[in-house]
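Asks: Shown below is the structure under consideration.
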Amino acid sequence: MCVGRFAPSPTGEMHLGNVLAALLSWLSVKQQGGEWRVRIENLDPQRSRQEFAVQILRDLEWLGLSWDGEVLYQSQRAEIYQHYLHQLADMTYPCTCTRNEILAAQAPHESDGRIVYPGTCRGKQLTISGKPAAIRLIVPGEVIEFEDRVYGRQAVNLATHCGDYILRRSDGVFAYQLAVVVDDALSGVTEIVRGRDLLLSAAQQLYLYRLLNFTPPTYSHHPLLVNEQGQRLCKRDKSLALSAMRHTHSSQEIIGLLAHSIGLTPAPTPITPEQLLPLFMWTNIPKNDVTMSAFEC
Ligand code: GLU
Ligand code: ZN
């Protein structure tokens, strides 16, 4: 059985970019007669809001993207994450570095915006009592390879890509990387469809699949929607927020616009997700990001 999912973070309203991720994963899995699950990634209590979660679910219903089974909320699953963190105890260590200490230790070639943890606390055998500590996973100096359905073969060296990465933050919040792997594996997710901003983090996730003895899923990352300045759509692009577009567009118009922008239809004709099913093909999905202007919409 093929199982896909949509895993939004309720830190803001849905915009067209989120709708694209939901639509593509729905199409891919429904075309194969599989199940589509929804999981609310509200691990971070500071940034997540219940109103956004409620709104996202309403938006999905309005769009005609119906899900199977119960909606999962990550905020209710801390004990499960703790159980798997415990299984990794031999490969993890506490870290008390501040962000500034980590930044100060960056090698010059790593200044492309990524933060690579230099391993300062590895082997220090800090005890967790006293200062709050994050828990980091020791990564191998090995290249993790995988095949992405859109972007092809990927090879990521975790040691130079991110270094030993966090599984639980110093404030006790479990990290996305651990939660996403545990949740996808326990839900039986077989294929992951999401934006290409998460392409390389698939390597961090695949390493966890291996350590936890879970069967890995397939990965299909899609190009991002960008505004006219070439920036990825985000909460600031208010005109492309779904709540704004719902006043002036039908759900079929929005699906039609997205389907056309991503190469599935010859024109932005209104269409339902169901009607798109026979037209959906991964081979038509472009690698390059897609510009959406408020004007076109
Ligand atoms: N919660 C993540 C986001 O909204 C997506 C995680 C995933 O699809 O793996 O960006
Ligand atoms: Zn440290």
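Asks: On full extension of the chain, what length is gained from Q82 through M1, given 0.36 nm per residue of separation minus the C-alpha to C-alpha distance?
Replies: Details: separation 81, 0.36 × 81 = 29.16 nm, distance 2.83 nm.
Answer, rounded to one decimal: 26.3 nm.
Asks: State the percentage of accessible surface on segment 1-155 attributable to carbon and sulfur atoms; use a 1.4 Å probe and exclude ligands, DNA and RNA.
Replies: On the way: 3860 of 8000 Å².
Exposed carbon and sulfur together represent 48 percent of the surface.
Asks: Just how large is the dipole of the chain about the Cα centre, in debye to the nearest 20, putting +1 at every Lys and Arg Cβ and -1 at every Asp and Glu Cβ? Mind dumping the intermediate values first?
Replies: Numbers: 27 positive and 30 negative charges, 116 e Å.
It works out to roughly 560 debye.
Asks: Another question, then. For the residue pair D197 and Q50, what label-to-label distance in nm results when each label sits 7 Å from Cα along the Cα-to-beta-carbon direction?
Replies: Rounded to a tenth, the inter-label distance reads 2.7 nm.
Asks: Now for a different question. Label the chain by shape, choosing from rounded, prolate and oblate, from the square roots a ≥ b ≥ c of the eigenvalues of the Cα gyration tensor; if a/c is under 1.5 it is rounded, and otherwise prolate applies when a/b is larger than b/c, oblate when it is not.
Replies: Values: a/c = 1.80, a/b = 1.73, b/c = 1.04.
Prolate shape, in that a/c is at least 1.5 and a/b is the bigger ratio.
Asks: Given the options V193, C234, V181, identify the residue whose Cα lies farthest towards the positive end of the charge dipole of segment 156-239 (+1 on Cβ of Lys, Arg; -1 on Cβ of Asp, Glu).
Replies: C234
Asks: In percent, how large is the relative contact order of segment 60-201, given Cα pairs closer than 8 Å and 6 or more residues apart?
Replies: Details: 148 pairs, mean separation 31.8, N = 142.
Once normalised by length, the contact order is 22 percent.
Asks: While we're here: Extending each Cα 7 Å along its Cβ direction at K131 and K287, get the distance between those two points in nm, one decimal.
Replies: 4.4
Asks: By how many nm would the segment from K124 to T248 grow when fully extended, if each residue of separation counts as 0.36 nm and the alpha-carbon distance is taken off? Before the final figure, lay out each step's value.
Replies: On the way: separation 124, 0.36 × 124 = 44.64 nm, distance 5.86 nm.
Result for the pair: 38.8 nm of gain on full extension.
Asks: Report, in degrees rounded to the nearest 10, the 0 to 90 angle that the Cα long axis of helix 176-186 makes with the longest principal axis of the chain.
Replies: Around 70 degrees separate the two axes.
Asks: Residue farthest toward the positive end of the dipole of the chain, with Cβ of Lys/Arg at +1 and Asp/Glu at -1: which of G4, L211, I102?
Replies: After comparing all options, I get I102.
Asks: Indicate, rounded to the nearest 5 percent, the antiparallel portion of the DSSP beta bridges found entirely in the chain. Walk me through the numbers before you get to the answer.
Replies: Values: 16 of 31 bridges.
Taking every DSSP beta bridge with both residues in the chain, the antiparallel ones total about 50 percent.
Asks: Taking the Cα centre of segment 2-158 as the origin, how large is its charge dipole in debye, to the nearest 20, when only Lys and Arg (+1) and Asp and Glu (-1) carry charge on their Cβ atoms? Can you show the working numbers first?
Replies: On the way: 16 positive and 18 negative charges, 69 e Å.
That gives a dipole near 340 debye.
Asks: Compute the distance in nm between two label points, each set 7 Å from the Cα along the Cα-to-Cβ direction, one at Q31 and one at D90.
Replies: Those two pseudo-labels are separated by 4.3 nm.
Asks: Can you give me the angle between helix 50-63 and the longest principal axis of the chain, using Cα atoms only, in degrees from 0 to 90, rounded to the nearest 10?
Replies: So the inclination is approximately 40 degrees.
Asks: Going by accessible area, probe 1.4 Å, with all protein chains left in place, what is the ranking of E191, E51, largest first?
Replies: These residues rank, largest area first, as E51, E191.
Asks: Between E101 and R58, what FRET efficiency follows from the Cβ-Cβ distance if R0 is 45 Å, with the result rounded to 0.05? Present the calculation step by step, with values, prior to reporting the outcome.
Replies: Numbers: r = 43 Å, r/R0 = 0.96.
Taking R0 as 45 Å, the efficiency between E101 and R58 is 0.55.
Asks: With charges only on Cβ, +1 for K and R and -1 for D and E, what is the dipole size of segment 141-297 about its Cα centre, in debye, rounded to 20? Don't skip to the end; give the middle numbers.
Replies: Working: 13 positive and 16 negative charges, 52 e Å.
Taking the Cα centre of segment 141-297 as origin, the dipole is about 260 debye.
Asks: Helix 251-261 versus the longest principal axis of the chain: what is the Cα-based angle in degrees, 0 to 90, to the nearest 10?
Replies: On a 0 to 90 degree scale, this one is about 70.
Asks: Could you give the accessible area per residue of segment 41-99, probe 1.4 Å, as a whole number in Å²? It would help to have the intermediate numbers written out before the result.
Replies: On the way: 3500 Å² over 59 residues.
Counting only protein heavy atoms, the per-residue value for segment 41-99 is 59 Å².
The values are calculated or read from the model by the stated rules, or taken from the named source; none is laboratory data. Owing to the predicted nature of the structure, the values given are computational and were not obtained by experimental measurement. Counting neighbours? That spans all protein chains shown, and the Cβs are built from the backbone with ideal geometry, glycine included. Remember, those area values only see protein heavy atoms, side chains included, never the ligands or the DNA or RNA. Shrake-Rupley method; radii C 1.70, N 1.55, O 1.52, S 1.80 Å.
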